[in-house]
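First comes the structure, then the notes that go with it.
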Amino acid sequence: MYAVISTGGKQYTVSEGDVIKVEKLSAAAGEKINLDVLMYADGDNLKVGAPIVDGAKCEAEVLGEGKDKKIVIFKYKSKKNIRKRQGHRQPFTELKIVSIKA
């Protein structure tokens, strides 16, 4: 059994027990949240929403928050001695999928 959920402008394929990193949410650690289900599949049973599956529910528990690894943005112009170095660490929320119900 798996589902496609939507959060933070992105879509994720999840099963029960999965741990995923999503865009930062305003929820405290230990809190349970409900996510939008775009598609639900259980064996031969497949439900596709338009855009959300009616009656489907994906419950997730917030494990914590953090920042991803640093990515380095380096821009330069050749022969001009112009160099710009910038870093970025994207904040995330870690979720554990507790249950998926259709």
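Heavy atoms only, probe 1.4 Å: what % of the accessible area of the chain goes to carbon and sulfur, would you let me know?
Answer for the chain is 46 percent, counting heavy atoms of protein chains only.
Before anything else, pin down the relative contact order of the range 11-102: Cα pairs under 8 Å, at least 6 apart, normalised by residue count, whole percent.
Value for the range 11-102: 38 percent.
Work through the residues other than K57 whose Cβ is under 10 Å from its Cβ and net out their charges, Lys, Arg +1 and Asp, Glu -1.
Spelling it out: positives minus negatives among the neighbours equals -1.
What ranking of L25, L46 comes out by heavy-atom accessible area, probe 1.4 Å, highest first?
L46, L25
Just to confirm, what accessible area per residue do you get for the range 1-77 at 1.4 Å probe, in whole Å²?
Counting only protein heavy atoms, the per-residue value for the range 1-77 is 67 Å².
Would you mind checking the radius of gyration and Dmax of the chain based on alpha-carbon positions, in Å?
Rg and Dmax of the chain, Cα atoms, are 18.6, 62 Å.
The values are calculated or read from the model by the stated rules, or taken from the named source; none is laboratory data. Not measured: the values here are computed from a predicted model. Cβ atoms come from the backbone with ideal geometry, glycine included; neighbour counts cover every protein chain shown. Note: accessible area is taken over every heavy atom of the protein model, side chains too, but ligands, DNA and RNA are not part of it. Shrake-Rupley method; radii C 1.70, N 1.55, O 1.52, S 1.80 Å.
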